[in-house]
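Q: To start, I am sharing the structure in question, which I have written as structure tokens.
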Amino acid sequence: MLQTFVHLYLKIFLLLTPFFVLSVFLSMTAGMGKSERRKIASKVTIAVLVASFVLFFFGHYIFLVFGITIDAFRIGAGAILFLSAVTLVRGPAPGTPSPVNEGDFSVVPLAIPITVGPGTIGALLVMGTGYETLTEKVTACMSLTAAALSVGALLWSAGGVERILGRLGLSILTKLTGLFVASIAAQIIFTGIRNFLGPLP
């Protein structure tokens, strides 16, 4: 059981792309105070936990009820992610409210689809239907909880990372993160469209 727990923990932790999430988190919370940043980190952690458990236990049924395919989700999530990437690269337009006032971005896009992306969702759907015994489900839930809390702890320490990087380093990281986010968003959209249309003749 311990070996299974460690294996699942590492797998889920990597699927949540913690260091990529940290770089996006630093970029989107630039200028915020320590307490505000930690509130966002806590909300992201809770949102990731709730979304992951809902997908693990009920994801397959939710997609069936609403007639949503994983590829349709890829396209929608990729579009939202691309808009976030544009903001990271170009910065907020003059006169727009600060991130603190323009709405809560801890759930969308930080928790979904940046942390819990299409790849993670697909893995959770497979895990939810693949584990049948109570022991397997309990082990998977423990691994999932540990992985989400680990990501949350990493976000809580974002202030220390920012001090190490400095303002210039954070600015460069923000631009690079935006470019990578845009590339990932495009890949997610293209994958969804390709799978949705089926193999080319």
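The values are calculated or read from the model by the stated rules, or taken from the named source; none is laboratory data. Keep in mind that what you see is a predicted model, and the values were worked out from it rather than measured. Please note: Cβ atoms are built from the backbone with ideal geometry, for glycine as well, and neighbour counts cover all protein chains shown.
Q: Yes or no: residue 163 assigned to a helix (DSSP H, G or I), charged (D, E, K, R), out of contact with any Leu (no Cβ under 6 Å at 6 or more places or on another chain) and within 18 Å of residue 29 (Cα to Cα)?
A: yes
Q: Count, please, the residues in the range 92-133 that happen to be surrounded by fewer than 17 Cβ atoms within 10 Å (Cβ to Cβ), at pLDDT 85 or above and not in a helix (DSSP H, G or I).
A: Of the residues in the range 92-133, 1 are surrounded by fewer than 17 Cβ atoms within 10 Å (Cβ to Cβ), at pLDDT 85 or above and not in a helix (DSSP H, G or I).
Q: While we're on this one: Across the range 56-71, what is the number of residues that are of a type in the set (Gly, Ala, Ser) and within 16 Å of residue 123 (Cα to Cα)?
A: 1
Q: Identify, by number, the condition in (1) closer than 17 Å to residue 110 by Cβ; (2) in contact (Cβ under 8 Å) with a residue 60 or more places away in the chain that residue 63 doesn't meet.
A: (1)
Q: Next question, about the same structure. How do the pairs read when you match residues in the range 165-177 that are under 18 Å from residue 84 (Cβ atoms) with residues anywhere that are among the acidic types (Asp, Glu) and in a helix (DSSP H, G or I), using Cβ under 8 Å and keeping only pairs 6 or more apart or on different chains?
A: Final answer for the pair search is 170/162.
Q: Considering only residues that are surrounded by fewer than 19 Cβ atoms within 10 Å (Cβ to Cβ), among the aliphatic types (A, V, I, L, M) and in a helix (DSSP H, G or I), look in the range 1-14 and name the one that is nearest to the chain's Cα centre (by Cα).
A: Among those that are surrounded by fewer than 19 Cβ atoms within 10 Å (Cβ to Cβ), among the aliphatic types (A, V, I, L, M) and in a helix (DSSP H, G or I), it is 14.
Q: Within the range 149-157, is even one residue modelled with pLDDT under 85 and touching a helix residue (DSSP H, G or I) at 6+ places or on another chain (Cβ under 6 Å)? Don't jump to the end; show me each part of the working.
A: Step one: list which residues in the range 149-157 are modelled with pLDDT under 85, which gives none.
No.
Q: In addition: Look through the range 147-168, keep the residues that are buried (at least 17 other Cβ atoms within 10 Å of the Cβ) and of a type in the set (A, V, I, L, M), and return whichever of them is farthest from residue 127 (Cα to Cα).
A: That would be 161.
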